[in-house]
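Worksheet for the structure shown next.
The values are calculated or read from the model by the stated rules, or taken from the named source; none is laboratory data. This is a predicted model, so every value here is computed, not measured. Note: ideal-geometry Cβ built from the backbone for every residue, glycine included; neighbour counts use all protein chains shown. Surface areas here come from the heavy atoms of the whole protein model, side chains and all, with no ligands, DNA or RNA. Shrake-Rupley method; radii C 1.70, N 1.55, O 1.52, S 1.80 Å.
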Amino acid sequence: MDNFEITADIAELIHRGGVFYDVEGNTPQEIYENFSKMINLPEGMTSEQIASALCAREAVLSTAVGNGIALPHARAPIMKEESAQRICVLYLKKPIPMSAPDERDVHVMFVLLTHNSQIHLKVLSVLAGLFRSARFRKALENKAAEAELAALIRELA
């Protein structure tokens, strides 16, 4: 797949993955375990595989990026099919410490479940741009629903 064929329609990936409210857990590992049981997974994939992949990556280095946001993801692409990739937005029931660069507790996670590293990097790049927007960060603090996130993404990305 050539780079020009890679699309990163973040709003569509979030639509596929979903927005989850009040996800419980006191540690990233607890959150990943709870979250992985909430999502619809492609056939042949288990919640244990998702939780394990996210925990393994988190053990290497925190995925917290600052401003109360984390970007959990697997160390290697985890989805077998391009059509299965998604971003799941998790609004945590209570913020947790994750050693963020700005030392703020994490209140929202964008879990990236991608098909290949090129798409993964493109998604990270687009999300990093969105996170620079004060309006987008404010929407996350207010636990914006999918429709509001999609509108902001289309406006800002």
Rounded to the nearest 10 Å², the 1.4 Å probe accessible area of MET38 is 90 Å²
Averaging 1/r across every pair of distinct alpha carbons in the range 1-80 and inverting yields a Kirkwood hydrodynamic radius, in angstrom, of 14.1 Å
In the range 30-154 the DSSP beta bridges are antiparallel at a rate, in percent to nearest 5, of 75 percent
Rg from C-alpha atoms of the range 111-157, normalised by the globular rule of thumb 2.2 N^0.38 Å, equals 1.20
Computed over the range 34-120, the distribution of all Cα-Cα distances in 10 Å bins, rounded to whole %, is 17, 51, 28, 4
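Can you give the translational diffusion coefficient of the range 34-85 in µm²/s, computed by Stokes-Einstein from the Kirkwood radius over Cα pairs at 10 °C and 1.306 mPa s?
Numbers: Rh = 12.0 Å.
It diffuses with D of about 132 µm²/s by this estimate.
In terms of solvent-accessible area of protein heavy atoms at a 1.4 angstrom probe, what is the ranking of ARG135, ARG104, highest value first?
ARG135, ARG104
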Calc'd 3J(HN,Hα), the range 116-130, phi into Karplus 6.51 cos²θ - 1.76 cosθ + 1.60 (θ = phi - 60°), Hz, glycine/Pro = x, comes to 8, 5, 5, 5, 4, 5, 5, 4, 4, 5, 5, 4, 4, x, 4
Note on the range 29-118: contact order normalised by length, alpha-carbon pairs under 8 Å, 6 or more apart, percent, works out to 29 percent
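Mind checking the range 14-65 for GluC sites (Glu not before Pro) that DSSP puts in a loop (not H, G, I, E or B) and that have at most 14 other Cβ atoms within 10 Å? Show your work: numbers first, answer last.
Details: sites: GLU24, GLU30, GLU33, GLU43, GLU48, GLU58; in loops: GLU24, GLU43.
Listed in order of number, the matching sites are GLU24, GLU43.
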For the range 22-132, the per residue accessible area (1.4 Å probe, Å²) is 47 Å²
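Counting only protein heavy atoms and a 1.4 Å probe, tell me what percentage of the range 43-126's accessible area is made up of carbon and sulfur. Write down the numbers at each step before the final one.
Values: 1950 of 3850 Å².
Carbon plus sulfur share of accessible area: 51 percent.
Go ahead and estimate [θ] at 222 nm for the chain from helices alone: -39,500 (n - 2.57) per DSSP H run with n ≥ 4, summed, over the residue count, rounded to 500. The partial results should precede the final answer.
On the way: 6 runs with 65 residues, N = 157.
Mean residue ellipticity at 222 nm (helix-derived): -12500 deg cm²/dmol.
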Debye calc, one equal point scatterer per Cα of the chain, no solvent, log10 I(q)/I(0) at q = 0.17, 0.21 1/Å comes to -0.98, -1.57
